[in-house]
Ligand code: ATP
Ligand code: MG
C-alpha cells in the first residue's frame with residue numbers, strides 16, 4: 001500500500017477574498033520551489049487545500065520538507081482508490097494490515113462529497129468498519145476517542161483515505177507580508193527572530209556588523225551558516241549584508257562614555273540599517289531583542305536606541321523567556337551554530353557597566369562630539385559587502401540571475 005499524494009491544509013480561517021487568492025498563489029509557488037529536488041511531483045488545488053501528487057516519489061522526504069514550509073497548517077499522506085465500495089473496503093483493510101501496531105480502538109469517519117455515491121456517510125462508516133472489525137479480535141470501535149481514526153473522503157473522481165494529520169509550521173507563505181531587514185548577530189536570539197519573521201510571511205535581508213580584524217573570519221562564517229539555515233525555511237536564497245563596523249566602533253569606544261558604548265553602537269547600527277533598507281526597498285527592521293535580557297534591552301534603553309529608526313521595529317522575541325527562545329533555536333537547528341564561541345563585535349567592546357537607563361540628550365551630545373560621525377556612517381554603508389546565500393549550496397550565489405536557478 002503506497003501513498004499517492006500528500007494533502008496540505010493551509011487556509012487561515014480569517015483570510016478572505018483577494019487576500020486568500022494571493023496567499024494561495026504564493027503558497028503554490030513556495031511549495032513548487034521546495035519540491036525542486038522531487039521532479040516527479042505535481043499539484044492539484046482545491047479550496048483551502050493542496051494535493052501534492054507523488055507520482056511514485058517516496059512520501060517521507062517530501063513530508064519532511066513540506067513540514068518546514070510556512071503557510072501549511074497540517075499534512076496528511078493519502079491513499080487514493082476509485083469511488084467504489086469494494087475498492088474502499090479493500091484499501092481500508094490493507095491500511096490496517098500495513099500498520100506497525102494494531103490499535104486497541106478505531107473508528108471510520110467517512111464523508112460523502114459526491115452525492116451520487118450510493119451509500120451515505122453514516123452507512124459508509126458501518127460498511128467500512130464492519131469490513132475490518134471481524135478480522136481483528138482485540139480491536140474495538142470507539143467513536144469518541146479512538147486510537148486510530150480512518151478518514152474516508154468520497155469524491156466523484158476518487159476516494160481519499162488517510163489516518164494521520166501531522167502538524168506543520170503554520171504562518172504565512174514566503175513573501176506575503178513584504179520585506180524587512182534582519183539584524184543578525186550570530187547569537188542565539190536573532191536567528192530565532194528571523195525564523196519567526198519568515199513564518200509571518202516576511203521576506204528578509206540579513207545585516208551583520210563585523211569588526212574585522214578584531215572579530216575573526218570564523219565569526220562571519222558562523223553568520224553565513226545561520227543565514228543559510230534561514231534560507232532553508234524561506235525556500236529562497238537570502239542576501240547577507242556584511243557591514244564594516246570597526247572604525248565607528250573604535251571611535252565610539254574612544255568617546256569616553258563607556259557606559260553608553262552599547263547604546264551608541266546600537267544607534268549607529270540602526271542608522272546604517274535604515275540606509276541599507278532604503279536601497280533594497282525594505283519596510284521594517286527585525287531584531288532579536290527580548291525585554292530585560294541585557295542592559296541594552298530595558299524599555300528605557302530601547303526608547304533611546306529606537307529614536308533613530310523611522311521604519312517599524314519588529315521584535316518577535318520581545319516578551320519571550322530565554323528558555324523559550326532556546327527551545328525554538330534547537331527546533332530550527334540554529335542553536336549549535338549560535339553557541340560556537342566566536343566573539344561578536346559588541347561583546348568585544350562590552351563596557352563593565354552598560355547603562356540600563358541612558359539619557360537621550362547625553363547620547364545625542366556624545367554623538368555630535370564624535371568627529372565625522374555622519375561620514376563614518378556613510379562609509380560603513382558604502383563599504384558593505386553583500387552575499388547571496390542558499391541552504392542547498394555551499395558556494396555563494398554570484399549574481400541576481402542565479403536566484404532563478406533555485
Ligand atoms: P543575539 O542572541 O541575537 O545576539 P543578544 O541577546 O546577544 O541577541 P544583543 O547582543 O544585545 O542581544 O543584541 C540585540 C539585537 O541586536 C540582536 O538580537 C540583533 O538583532 C542585533 N545585533 C546585535 N549585534 C549585532 C551584530 N553584530 N550584527 C547585526 N545585528 C546585531
Ligand atoms: Mg548578541
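Where a number appears in this text, it was derived from the coordinates with a stated rule and is not lab data. None of these values were measured; they are calculated from a predicted model. Ideal geometry is used to build each Cβ from the backbone, glycine not excepted, and the neighbour counts take in all protein chains shown.
Each residue, residue 74 and residue 121, gets one label point 7 Å from its Cα in the Cβ direction; the gap between the two is 1.5 nm. Which of these, 56, 288, 175, has the largest mean-square fluctuation under a Gaussian network model of the chain (Cα springs below 10 Å)? Per the Cα network of the chain with a 10 Å cutoff, 56 tops the list.
Once you order the gyration tensor axes a ≥ b ≥ c over the Cα atoms, which shape class does region 5-167 get: rounded for a/c under 1.5, otherwise prolate or oblate by comparing a/b with b/c?
prolate
Counting 0.36 nm for each residue step from residue 111 to residue 291 and taking away their Cα separation leaves a gain of 59.9 nm. Taking the Cα atoms only, what angle lies between the long axis of helix 17-34 and the longest principal axis of the chain, rounded to 10 degrees? Approximately 90 degrees, to the nearest 10. As I understand it, the value is the acute angle between the Cα axis of helix 360-369 and the longest principal axis of the Cα atoms of the chain; what does it come to in degrees, rounded to 10? Orientation of helix 360-369: about 60 degrees from the principal axis.
Calculated FRET efficiency, residue 101 to residue 323, Cβ-Cβ distance, R0 = 30 Å: about 0.30 to the nearest 0.05.
Between 182, 291, 93, find the one with the highest GNM mean-square fluctuation for the chain; connect C-alpha pairs within less than 10 Å. The residue that fluctuates most here is 93.
In degrees, nearest 10, range 0 to 90: what is the angle between the Cα axis of helix 217-234 and the longest Cα principal axis of the chain? So the inclination is approximately 30 degrees. Using R0 = 35 Å, the C-beta based FRET efficiency linking residue 165 and residue 300 works out to 0.15. When the chain is treated as a GNM with alpha-carbon contacts under 10 Å, the residue of 94, 327, 137 showing the greatest mean-square fluctuation is 137. With a simple spin-label model that places each label point 7 Å from the Cα along the Cα-to-Cβ direction, the separation between residue 22 and residue 372 comes to 4.5 nm. Looking at the square roots a ≥ b ≥ c of the eigenvalues of the Cα gyration tensor of the chain, which shape do they give, rounded for a/c under 1.5, prolate if a/b is larger than b/c, or oblate? Verdict is prolate for the chain.
Tell me, in nm to one decimal, what length is gained between residue 256 and residue 360 on full extension, where the rule is 0.36 nm per residue of separation less the Cα-Cα distance? The partial results should precede the final answer.
Working: separation 104, 0.36 × 104 = 37.44 nm, distance 1.64 nm.
Full-extension gain reported as 35.8 nm.
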